[in-house]
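Worksheet: the structure to be examined is printed underneath.
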Amino acid sequence: MKTPAPDRGLLRTVLFSLAVVFMIIGLYQTVLENSLPRNYWLFMLSAVCLLIYRQLRPVEENTPPAPPAKGKTGKPKAGGKARRNG
């Protein structure tokens, strides 16, 4: 029996929430204990959660490129003054 794939939106929400919680706890413990090295692992867990969160972003569908804007072709207009070099 095949298990259904997990909902990516829910997984991303949980990962982002964990990243925020680990960051807040890390900041609180660092201020409370006045020691960053003892709480470094909390900041690294937060960073790992954010990296995985970014990796699981929604897949963009192949959309055709937008047509160029009218009036901005990059060609000089006729009747304009010619520039002289020199």
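Values in this text are rule-based calculations from the coordinates and carry no lab data. All values derive from a computational prediction rather than experimental measurement. No Cβ is skipped: glycine too gets one built from the backbone with ideal geometry, and neighbour counts run over all protein chains shown.
Identify the residue in the range 11-68 that is assigned to a helix (DSSP H, G or I) and among the hydroxyl-bearing types (Ser, Thr, Tyr) and, among all such residues, is nearest to the chain's Cα centre (by Cα). Walk me through how you get there before you give the answer.
Taking the range 11-68 as the starting set, the residues that turn out to be assigned to a helix (DSSP H, G or I) are 11-33, 37-55.
Applying the additional criterion that residues be among the hydroxyl-bearing types (Ser, Thr, Tyr) yields 13, 17, 28, 30, 40, 46, 53.
Values: Thr13: 14, Ser17: 15, Tyr28: 26, Thr30: 27, Tyr40: 23, Ser46: 15, Tyr53: 9 Å.
Checking each candidate, the answer is Tyr53.
Listed by first and then second residue, the pairs linking a residue in the range 42-62 that is of a type in the set (Phe, Trp, Tyr) to a residue that is surrounded by 13 or more Cβ atoms within 10 Å (Cβ to Cβ), with Cβ atoms under 8 Å apart and 6 or more places separating them unless they lie on different chains, are Phe43/Phe22; Phe43/Met23; Phe43/Gly26; Tyr53/Arg12; Tyr53/Leu15; Tyr53/Phe16; Tyr53/Ala19.
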